Structures are given as structure tokens and as C-alpha cells.
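Reading through the C-alpha cells given below for one structure.
The values are calculated or read from the model by the stated rules, or taken from the named source; none is laboratory data. The shown structure was predicted, so the numbers you read here are calculated from the model rather than taken from an experiment. Counting neighbours? That spans all protein chains shown, and the Cβs are built from the backbone with ideal geometry, glycine included.
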Amino acid sequence: DGGITQSPKYLFRKEGQNVTLSCEQNLNHDAMYWYRQDPGQGLRLIYYSQIVNDFQKGDIAEGYSVSREKKESFPLTVTSAQKNPTAFYLCASSTTGGVSGANVLTFGAGSRLTVL
Amino acid sequence: AQSVAQPEDQVNVAEGNPLTVKCTYSVSGNPYLFWYVQYPNRGLQFLLKYITGDNLVKGSYGFEAEFNKSQTSFHLKKPSALVSDSALYFCAVRPTGGRRALTFGSGTRLQVQP
């Protein structure tokens, strides 16, 4: 079945450590996105990528980094510079061609990061 | 910059009654508008979208939404609520030009009582 796989589902980190969240899709989608979800704040955009080897900062990119070396993969690194990293992280993908398909996001099941 | 407001943190409705979840938006130019639903500890699922054309949009699971340009609103509705509709609902917007990523509202929790 086509979809998005995020791993790990749960992750615990000590302060000062970098961690990388994995996101893989087999939907042949060009665009991929990372959102952060906090209670009462909805989803906030961290980074997005419309094509391989290119990505743009979202609204809360500070303390995060990404890469897009393959169409299927869009890993997110939460660095020690992120002051409040405890959150639920959601990866999504979409097509980019045409109005009707663009931005109908398919989401992964999420990764919950807790900083101890 | 675009933004979305969902003024109600929670909406309570009895099963069988109609439901409305409110959304207003701010965007430069014409909007693309979306509703997504989230069940506990899961990702979001697409419900419906407005791109252009008919202001009343029908989506999955009997949901519909009405685009009102003058009021910059896109309220989600369903004629008869089910207990299984209980979930977290998000409205999202994207301008037709500009940043090609969705901006989401803060979410509204819908609780349907049996």
C-alpha cells in the first residue's frame, strides 16, 4: 500500500542531543513537508520541499535542519539549538502538478519527541 | 502572510443534530481552503477542499463546507452528527500564488454525545 512512514513513533532525547526523525513515502509525490503540532497551537510549518535537492524554511525553522537527497525521503534533524523540542512531529507529502491535486496532503502517523 | 482562525476550541453536539465548525481566514488574493480531521495519536486525514467554482463543497463522510468570500469564512458542516465524528478538526489555507504550503488553524475538538 502507498503511504508515508515516519519513524520512530516515540523518541526520547536528553538535552543537548541532536535527533533525526525519518520520513519515507512511496506515493511518488514531489513535495514533502514537516509540521510541528503542539496542544492549542495547531500545526506549524517547519520546512518544506517541492523537489529533490531543494527545500524552504517554514514559519518555525530555527533549531531544525532537513535534507532532500531522494524523492522518497525527507529526514528532519532536531538540533540542540531548538529550545523547546518536545512536540508531535508530522510529515506529509503531496503532488505539485495541477490545481486539483496540489496540496491535498497525505500525512504520516507522526513521531512524538520528548526531551528529558 | 496567510492565517487561519478557528474561534472555538471545542464544539459539543448531540448525536443526530447538525454540527458546524467555524473557520475564518486571511490571505492575499484568492484562497485554496481545506479541512482535515485528526484522530488521537494519528496523522491528519483530508476531508474536503475549495479551489474554485461552487461555494458549497461536499467531502468525505457526509461533511460539507461553504466558502463565503465576503466573510472570509469556510465553515464545516454536517446535517446529522455521529459519535464517530468526534475528533480534532483543522482548517487550512493556501494562497493561489506565493508559498506552496498550507497554513493551519489551531484546531477545534468536536465532541458528539450519544
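Quick notes on this one:
- Summed over region B:1-39, residues that are over 15 Å from B:A87 (Cβ atoms) and of a type outside the set (S, T, Y) total 17.
- Inside region B:30-49, residues that are part of a strand (DSSP E or B) and closer than 17 Å to B:R109 by Cα make up a count of 9.
- Answer residue from region A:1-37, given it is among the acidic types (D, E), in contact (Cβ under 8 Å) with a residue 12 or more places away in the chain and under 20 Å from A:V104 (Cβ atoms) and is surrounded by the most Cβ atoms within 10 Å (Cβ to Cβ) among those: A:E24
- Residue pairs whose Cβ atoms lie under 8 Å apart, sitting 6 or more positions apart in sequence or on different chains, and linking a residue in region A:38-52 that is at the interface with another protein chain (Cβ under 9 Å from one of its Cβ atoms) to a partner that is in a strand (DSSP E or B) and among the acidic types (D, E), are A:R44/A:D38.
- Just one of the numbered conditions (1) over 12 Å from the mean Cα position of the chain (by Cα); (2) facing another protein chain (nearest Cβ under 10 Å) is not true of A:A31: (1).
- Search result, residues across region B:68-104 that are touching a strand residue (DSSP E or B) at 6+ places or on another chain (Cβ under 7 Å), modelled with pLDDT of 95 or more, of a type in the set (G, A, S) and more than 15 Å from B:Y50 (Cβ to Cβ): B:A81, B:S86, B:A87
- Restricting region A:94-109 to residues that are of a type in the set (G, A, S) and part of a loop (DSSP other than H, G, I, E, B), the residue that is modelled with the lowest pLDDT: A:G101
- Candidate set from region A:61-86 (those that are at pLDDT 95 or above and out of contact with any Ser or Thr (no Cβ under 9 Å at 6 or more places or on another chain)); member that is nearest to the other protein chains (Cβ to nearest Cβ): A:A61
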